[in-house]
Amino acid sequence: MWQTLIAVIGTLAGTGIAGFMQHRASRTARQEARRTEGLTAVTALVEALADHRRAMWVREDLRLRQEDWADARTESHATRSAITAPLLRVQLLMPAAAPAAQTAAQAAYALRGADGHPILNQLRTDAITASDALVTAAGRHLSA
């Protein structure tokens with residue numbers, strides 16, 4: 001009788017421990033997948049911001065020099081549009097980094113209409129700084 005009871009308790013304990021370990025492994029895998037998705041989203045956003053910053057600098061430089069900037073304007077529209085999806089992904093996957101992502105996007109958009117090359121260069125520097133702050137915020141989020 002006691003041997004049967006001990007065997008049953010041992011089996012139940014083993015099953016419980018195995019279930020707990022499986023649940024924990026599953027949760028860890030989900031967290032790792034979320035981190036990977038977040039890293040991919042931030043990488044895509046930072047890349048899109050860099051492309052837009054470059055396109056906007058070229059566009060505004062041409063405009064300020066009173067050269068034909070129609071092609072540069074078309075490219076800047078495409079690069080701005082390319083920011084939308086990764087920005088949304090960062091905001092949804094990393095709410096803690098969402099304000100830094102918004103600030104970085106706004107800083108890249110702000111290059112439009114600069115009143116001169118010194119201002120354009122300062123706006124570009126500000127946009128790079130905001131992008132770096134996004135990377136720092138995302139790093140904090142991913143390491144937590």
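Throughout, read-outs are computed from the coordinates displayed, never taken from laboratory work. Given the structure is predicted, the values throughout are model-derived calculations rather than measurements. So basically every Cβ, Gly included, is an ideal-geometry build from the backbone, and we count neighbours across all protein chains shown.
Which value in Å is the Kirkwood Rh of the stretch 38-143 over different Cα pairs?
Roughly 13.8 Å, rounded to one decimal.
So how far apart, in nm, are the two label points at residue 2 and residue 125 if each is 7 Å from Cα heading toward Cβ?
8.3 nm
So, counting K/R as plus one and D/E as minus one, what does the shell of residues with Cβ under 13 Å around residue 103 add up to? Can you show the working numbers first?
On the way: positive: none; negative: 126, 132.
With Lys, Arg at +1 and Asp, Glu at -1, the net is -2.
Near residue 113, within a Cβ-to-Cβ distance under 10 Å, what is the net charge of the other residues, with Lys and Arg +1 and Asp and Glu -1?
Values: positive: 63, 112; negative: 60, 115.
Spelling it out: positives minus negatives among the neighbours equals 0.
What distance in nm separates the simple spin-label points at residue 115 and residue 31, each placed 7 Å from Cα in the Cβ direction?
According to this spin-label approximation, the distance is 5.1 nm.
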